1. So how many residues does segment 238-256 have that are over 27 Å from S120 (Cα atoms) and either touching a residue at least 12 places away in the same chain (Cβ under 8 Å) or outside any loop (DSSP other than H, G, I, E, B) (or both)?
2. Conditions: (1) modelled with pLDDT of 95 or more; (2) basic (K, R); (3) surrounded by 18 or more Cβ atoms within 10 Å (Cβ to Cβ). K332 meets all but one. Number of the miss?
3. Can you work out which of the residues in segment 71-94 that are in contact with a helix residue (DSSP H, G or I) (Cβ under 6 Å, 6 or more places away or on another chain) and of a type in the set (S, T, N, Q) is surrounded by the most Cβ atoms within 10 Å (Cβ to Cβ)?
4. For the subset of segment 39-57 comprising residues that are at pLDDT 95 or above and among the charged types (D, E, K, R), which member is surrounded by the most Cβ atoms within 10 Å (Cβ to Cβ)?
5. Could you please give the count of residues in segment 285-340 that are farther than 22 Å from L134 by Cβ and not in a strand (DSSP E or B)?
6. Name the residue, out of T154, T129, T159, that is at pLDDT below 90, crowded, with 16+ Cβ neighbours inside 10 Å and among the polar types (S, T, N, Q).
Amino acid sequence: MDPFDPPFRETYKTLFDNHFKNELSTKGNKIEDLQEANECEFELPLVDLSRLSQGGIESEKCKQEIAKASQEWGFFQVINHGVSHEVLENMRSEQVKTFKKPFHDKVNGQCDQLDFLAGSYRWGTPSATCLRQLAWSEAFHVPLSEISAIDGVTGLSTTMKEYTNIVSILAEKLAEILAEKIGQKPKFFEENCVPSMCYIRMSRYPSCPVSPHVFGLMPHTDSDFLTILHQDHIGGLQLLKNGKWIAVNPKQETLIVIIGDLFQAWSNGTYKSVEHRVVANKLFERFSTAYFLCPSYDTIIESCDETPVYRRFSFKEFRQQVQEDVKNYGHKIGLSRFLL
């Protein structure tokens with residue numbers, strides 16, 4: 001094992017032992033349909049955002065494509081999004097350097113000149129009660145407010161500032177377009193999605209010798225309004241559509257937009273928060289960076305529709321329910337808790 005890899009096998013030894021003991025008694029118990037999912041490849045809707053600046057009919061068509069993809073897929077790709085190739089490459093390069101620090105240093109926040117990352121490191125799944133709930137991955141979760149407050153200048157801090165400044169503007173722009181298309185107030189996001197709540201997650205998925213017995217990231221929906229994801233060329237991201245897992249092919253220069261639970265509730269089900277996962281790769285490590293557009297805890301999520309599907313709730317209430325369910329059941333239950 002590499003010295004910078006988390007000790008998955010040692011820490012979760014009981015889960016591994018129980019799983020393989022059961023596998024022997026049941027003649028095979030790997031995570032279902034991974035091979036099938038790798039064969040189900042569809043092209044996500046691709047939206048050229050440069051059309052927004054053209055005005056008139058072309059701009060309106062672009063907005064309609066964004067809304068349609070959010071309704072039908074809950075996922076779409078964007079190009080000409082404003083994040084340069086240089087910034088994307090710098091972000092990945094600096095991220096790789098950070099994850100290649102010794103595991104002990106990452107856990108204890110001892111990443112030379114990267115003190116702002118202290119306490120943001122996560123790995124595995126502490127609440128896992130079985131192997132299929134274990135995430136074979138590690139990540140740094142960093143609020144935007146901490147990034148903007150960085151005093152020192154390092155390659156990572158400079159790149160993170162540049163990246164998050166651009167992506168936060170993009171996220172708000174896309175959210176406002178989606179709000180406009182359902183008759184909601186576009187300024188809602190400017191007023192409620194504050195830097196202290198929005199954050200980025202830099203993730204590394206180490207090569208996994210026990211794939212496909214574990215996920216890189218178990219199936220879930222995102223608990224925000226929307227997520228903007230940049231993934232490298234390795235692949236592994238999959239989404240669930242019409243009961244089938246679909247592999248999302250990584251494309252150069254594209255960003256992936258994922259609709260979250262809050263947008264589904266706020267839009268009264270018009271926009272779809274779709275279940276997705278990351279499949280662990282036996283040979284290659286994978287890196288990604290995700291930006292999460294989240295509101296303040298006291299923000300109220302409610303539909304303006306006359307016949308709402310979901311009851312009125314605060315983001316704090318939603319987060320607390322998710323955390324409680326994960327603790328009690330080992331997985332998130334989500335929006336079904338808030339149905340009327």
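The values are calculated or read from the model by the stated rules, or taken from the named source; none is laboratory data. As the structure is a prediction and not an experimental result, all values here were calculated from the model. Note: ideal-geometry Cβ built from the backbone for every residue, glycine included; neighbour counts use all protein chains shown.
1. Within segment 238-256, the subset over 27 Å from S120 (Cα atoms) is 240-249, 251-253.
Next, from what is left, pick out any that are either touching a residue at least 12 places away in the same chain (Cβ under 8 Å) or outside any loop (DSSP other than H, G, I, E, B) (or both): 240-241, 244-249, 251-253.
Total satisfying the criteria: 11.
2. For K332, the failing item is (1).
3. Step by step, filter segment 71-94, then rank; the result is N90.
4. The qualifying residue surrounded by the most Cβ atoms within 10 Å (Cβ to Cβ) is R51.
5. Of the residues in segment 285-340, 28 are farther than 22 Å from L134 by Cβ and not in a strand (DSSP E or B).
6. T154
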